[in-house]
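Visitor: Encoded as C-alpha cells, here's the structure I'll be asking about.
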Amino acid sequence: MNQTLEKLDIMKVSFVITSEPRVRYRLKSLKTIVATLIFLMVVTVAGTERVRAGSFDIFRASNIESLSNNSILMMFQDDQGFLWLGTYDGLNRYDGKNVRVFRHEFDNPNSLSGNVINELHDAEEGYLWVLTT
C-alpha cells in the first residue's frame, strides 16, 4: 500500500510539472492578446486624431462624370501635381479642373496596350509606368 501511495504522489508531481508550462503558455497568450488589443486601440485613437487635426486634404471633384469609369483601381500623384486614376476603362489624368482620358487605340502603337489599369509607378522625370491588361 505504501508503494501505491508513492506512485500516486509521483503521478501528481509529474502532472503538476507537465501542466505548469501550459499555464505559462496560456498566460503568455493572454498577455499577447491584451497587448495586441491595447496597440490596436492606440493606433485607432491616433489615426482618429490625425483625421480630426485636418492633415488630410479631402475635396469633391465636381466633374467626376467625365472619368472613363467610376471604379478607380489605382491612384498616383506625380511631381507636377497631376492625379492619375487607373480604371477598368482607361487612364485618367486630373489636373484639378479637367479630366483627360487615355485609352487603347487599335491603330496607334503609342497608345496604351490595354484599358484596364492595374498599377501605376513613377519612372524617370516626365514618365509614368502603367501596367495594363
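Visitor: Note the full-extension length gain between A35 and N70 as 0.36 nm times their separation in residues minus their Cα-Cα distance, in nm to one decimal.
Guide: Contour length minus the Cα-Cα distance gives 8.5 nm.
Visitor: Points 7 angstrom from Cα along the Cβ direction at L83 and E124: gap in nanometres?
Guide: 3.0 nm
Rule-based calculations on the coordinates, nothing more; no lab input. Model, not experiment: these values are computed from the prediction. All Cβ positions, even for glycine, are placed from backbone atoms using ideal geometry, and neighbour counts span all protein chains on display.
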